[in-house]
Amino acid sequence: MLFRQGAGRLCLDFIRTLRHRGTAQAEEDLPDGPALSAWVAQCGPVAPVPGSVVPAAIVRDAQQLREAVHALVGAARRGGGLSAVPEEQRERVNQAAARSVPIPALIETGERRWYANDPVTATLALIARDALDLVTSPAAERLRECADPSCHAVFLDASRPGSRRWCSMDSCGNRAKKQRRRVH
């Protein structure tokens, strides 16, 4: 399974693992341990050991962390509303951020490698720290929602003018261009 990336921050890619949020068509990309392990292998700095088992409790924690990060990002998008995020969600992100993160090391070949005793939990800690950094920084002013009415993914607009409309030109932007061509 390939997961959507390219939102501009790890925490934003993570919240995209619930597609069509808030609709009857909502799709969970992380329903179980193998899916969460695959997401960490694709998007995190250090992959879990092949065949390792992610307990259901960790999957549930990851889903709850995702929703807490989504609440923080939503509040940051509204501007200055971080204090309105329920304490339980703020605390969930804070607790995840307090855990150990992957550690970089330079190996004899001159390459950087990442290490973690528990790559899944360490990546969740990295996500929480990334979210806290993002929502408390000036970059929060560059958070955008995709203009595609069927997408609504949040992304970081790093374009110079700050006028990016689509989470991805390969999918949503391309779909919009094709639609405009059909109309004209």
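Structure notes:
- Pair-distance profile P(r), taking every C-alpha pair of the chain, with 10 angstrom steps and integer %: 9, 34, 35, 18, 4, 1
- Sum of side-chain charges, ASP13 neighbourhood, beta-carbon under 12 Å (Lys, Arg +1; Asp, Glu -1): +2
- Formal net charge of residues neighbouring SER163 (Cβ-Cβ distance under 14 Å; K, R +1; D, E -1): +2
- Mean-position separation - Cα centroids, segment 51-93 and segment 15-40, in angstrom: 14 Å
- The accessible surface of segment 16-83, taken with every protein chain in place and a 1.4 Å probe, is 56 percent carbon and sulfur.
- Furthest towards positive pole of dipole, GLY33, ILE127, GLY162, structure part the chain, Cβ charges: GLY162
- With R₀ fixed at 35 Å, the C-beta to C-beta distance from LEU2 to ALA84 puts the FRET efficiency at about 0.50.
- A Förster distance of 30 Å, applied to the separation of the beta-carbon atoms of GLN95 and THR23, puts the FRET efficiency at 0.55.
- Taking Cα centre as origin and charging only the Cβ of basic (Lys, Arg, +1) and acidic (Asp, Glu, -1) residues, the dipole magnitude of the chain rounds to 1100 debye.
- At R0 = 22 Å, FRET efficiency that the Cβ-Cβ distance of GLU108 and VAL49 yields, to 0.05: 0.50
- Percent of C-alpha pairs per 10 Å bin in segment 68-168, short distances first: 15, 34, 31, 18, 3.
- Per residue value of the accessible surface for the chain (all protein chains in place, 1.4 Å probe), Å²: 57 Å²
- Peptides 23-36, 121-134 ranked from most to least packed by the mean count of surrounding Cβ atoms within 10 Å: 121-134, 23-36.
- Think of the chain as a dipole: +1 on every Lys or Arg Cβ, -1 on every Asp or Glu Cβ, centred on the Cα centre; then among ALA96, GLY79, TYR115, GLY79 lies furthest on the positive end.
The values are calculated or read from the model by the stated rules, or taken from the named source; none is laboratory data. Just so it is clear, the model here is predicted, and its values are computed rather than measured. Don't worry about glycine lacking a Cβ; one is built from the backbone with ideal geometry, like all the others, and counts go over all protein chains shown. The accessibility values were calculated without ligands, DNA or RNA, using every heavy atom of the protein model including side chains. Shrake-Rupley method; radii C 1.70, N 1.55, O 1.52, S 1.80 Å.
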